[in-house]
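First comes the structure, then the notes that go with it.
Please treat every number below as a calculation from the coordinates, not as lab data. These numbers come from a predicted model, not from an experiment. Cβ: placed from backbone, ideal geometry, glycine included. Neighbour counts: every protein chain shown.
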Amino acid sequence: MALTPQEQIKVDSGLCKIRYCRKSHLKKQVFCSKHKHERFKEVNPIAYHYNFTKSNAKRRKRPFTLTMEYFKQWCIDNNYIELKGRYKDSMTIDCDKEELGYADGNIQIMSNSSNLKKRWVKWRQQQDIEVPDDYVPPPPEPEQHQKQEIEEELPF
Ligand SMILES: [Zn+2]
């Protein structure tokens with residue numbers, strides 16, 4: 001991508017091309033690590049969410065055999081990128097059979113609150129405690145972005 005003269009001056013002096021960013025750019029790049037990360041999310045949201053889901057699965061020690069090819073089609077079929085985070089009750093990826101984890105054919109789109117309720121109901125069943133029908137789960141915790149882990153897995 002062509003740089004504007006101002007951007008060129010910034011990059012030549014070793015800084016990230018983003019206006020007002022005072023960080024150094026990475027080797028052979030025009031962005032600092034933060035802006036490279038943001039840029040990747042913008043340019044290739046499906047690959048970004050694939051990597052994000054993968055590193056989250058790894059952190060939670062859940063199986064992950066999902067292929068990028070399947071995930072790509074799944075995102076399109078379910079309008080996932082559009083629905084994710086857009087509304088208050090945003091959509092998340094749910095693993096149908098928990099023991100299979102993130103696998104082709106085992107993921108479904110589910111709202112954050114439904115997902116939380118599903119996990120809670122399951123836990124109560126495991127504990128052999130009855131779940132009231134009118135149970136409302138507590139609000140979900142905000143997503144913890146594991147930036148460091150994601151960056152390690154970027155395909156460049
Ligand atoms: Zn920057």
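With axes computed from alpha carbons, what is the tilt in degrees of helix 112-126 against the longest principal axis of the chain, rounded to the nearest 10 within 0 to 90? Tilt of helix 112-126: around 40 degrees. Summing +1 for each Lys or Arg and -1 for each Asp or Glu, what net charge is found among the other residues whose Cβ lies under 9 Å from the Cβ of Q108? Value of the local net charge: -2.
With a ≥ b ≥ c the root eigenvalues of the C-alpha gyration tensor of segment 51-129, is it rounded (a/c under 1.5), prolate (a/b larger than b/c) or oblate? Note, shape of segment 51-129 comes out oblate. Quick one: Cα centre-to-centre distance for segment 1-35 and segment 67-104, in angstrom? Between the Cα centre of segment 1-35 and that of segment 67-104, the gap is 34 Å. Packing order of peptides 115-123, 47-55, highest average first: 47-55, 115-123 (average count of other Cβ atoms within 10 Å over each peptide's residues).
Residues whose amide H falls under 5 Å from that of S111, counting only those 5 or more places apart or on a different chain, are T92, with hydrogens built in the peptide plane.
Computed from Cα atoms, the angle from the helix 45-59 axis to the main principal axis of the chain rounds to 60 degrees. In this structure, the pairs whose alpha-carbon distance is over 28 Å, taken from K72/K118; K17/K61; K36/K97; K23/K72, are K17/K61; K36/K97; K23/K72.
Cβ crowding within 10 Å ranks D77, D89 as D77, D89, fewest other Cβ atoms first. Relative to the dominant Cα principal axis of the chain, helix 68-78 is inclined by about 70°.
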